[in-house]
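A.B. asks: Shown below is the structure under consideration.
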Amino acid sequence: QVQLVESGGGLVQAGGSLRLSCAASGRTFSSYVMGWFRQAPGQEREFVAAINRSGGNTRNADSVKGRFTISRDNAKNTVYLQMNSLKPEDTAVYYCAADARFLITTRPGEYDYWGQGTQVTVSS
């Protein structure tokens, strides 16, 4: 079992930055691929970014490339999402998720554990 708790969301103006954190319980954090997803009202949950177990490989959605960076600190059982140059269309609830498989996947159905989400609102 892995429990995930996100933090760092809030209200920011367009062009601003936020850093999301996701703290994981348990001693096997480094055994999981970690991902960030987001869901806006009335829309499906969409992939944002993911990072492999060691942190040496990442993947970003096209919509956030060059603006968002995922990283992890296995010693702290934490994964981060640095979000720069935020746009109003980035407004959503952001979720972190853990996947016990070896390879990075962008499909939410393949992730095993989810956090409760944190709201990010970008004003224009």
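The values are calculated or read from the model by the stated rules, or taken from the named source; none is laboratory data. What you are looking at is a predicted structure, and each value in this text was computed from that prediction instead of being measured. Every residue, glycine among them, receives a Cβ derived from its backbone with ideal geometry; neighbour counts consider all protein chains shown. Surface accessibility is based on the protein's heavy atoms, side chains included, excluding ligands, DNA and RNA. Shrake-Rupley method; radii C 1.70, N 1.55, O 1.52, S 1.80 Å.
A.B. asks: Please verify whether the range 18-25 includes one or more residues that are open to solvent by less than 70 Å² (accessible area, probe 1.4 Å), of a type in the set (A, V, I, L, M) and in a loop (DSSP other than H, G, I, E, B). Lay out the reasoning, then the answer.
C.D. replies: Here is the first cut: in the range 18-25, the residues open to solvent by less than 70 Å² (accessible area, probe 1.4 Å) are 18, 20-25.
Applying the additional criterion that residues be of a type in the set (A, V, I, L, M) yields 18, 20, 23-24.
This time we only want the ones that are in a loop (DSSP other than H, G, I, E, B), so: none.
Within the range 18-25 (the criterion being open to solvent by less than 70 Å² (accessible area, probe 1.4 Å), of a type in the set (A, V, I, L, M) and in a loop (DSSP other than H, G, I, E, B)), the answer is no, since none of the residues qualifies.
A.B. asks: Okay, moving on. Go through the range 26-42 and give me each residue that's open to solvent by 50 Å² or more (accessible area, probe 1.4 Å) and either closer than 16 Å to Gln116 by Cβ or touching a helix residue (DSSP H, G or I) at 6+ places or on another chain (Cβ under 7 Å) (or both).
C.D. replies: Hit for the range 26-42 is Gln39, nothing else.
A.B. asks: Something else: Would you mind finding the one in Thr78, Thr121 that is polar (S, T, N, Q) and under 13 Å from Gly9 (Cβ atoms)?
C.D. replies: Thr121
A.B. asks: Please pick out the residue among Arg59, Arg72 that is of a type in the set (D, E, K, R), open to solvent by 60 Å² or more (accessible area, probe 1.4 Å) and at negative phi.
C.D. replies: On the way: Arg72 fails: open to solvent by 60 Å² or more (accessible area, probe 1.4 Å).
Just a single option satisfies the conditions, and that option is Arg59.
A.B. asks: In the range 81-118, which residue that is polar (S, T, N, Q) and assigned to a strand (DSSP E or B) is farthest from Gly42 (Cα to Cα)?
C.D. replies: My answer is Gln82.
A.B. asks: Could you tell me whether Ser54 is open to solvent by 60 Å² or more (accessible area, probe 1.4 Å) and polar (S, T, N, Q)?
C.D. replies: yes
A.B. asks: Go through (1) part of a strand (DSSP E or B); (2) surrounded by 14 or more Cβ atoms within 10 Å (Cβ to Cβ) one by one and return the number of the condition Val2 breaks.
C.D. replies: Only one criterion in (1) part of a strand (DSSP E or B); (2) surrounded by 14 or more Cβ atoms within 10 Å (Cβ to Cβ) is unmet by Val2, namely (1).
A.B. asks: Turning to a different aspect of this structure: Suppose the filter is touching a Lys or Arg at 6+ places or on another chain (Cβ under 7 Å) and either at pLDDT 95 or above or among the polar types (S, T, N, Q) (or both); does Val64 pass it?
C.D. replies: The answer is no for Val64.
A.B. asks: Would you pick out the residues in the range 88-114 that are touching a strand residue (DSSP E or B) at 6+ places or on another chain (Cβ under 7 Å), over 25 Å from Arg27 (Cα atoms) and loosely packed, with under 15 Cβ neighbours inside 10 Å?
C.D. replies: The answer is Pro88, and nothing else.
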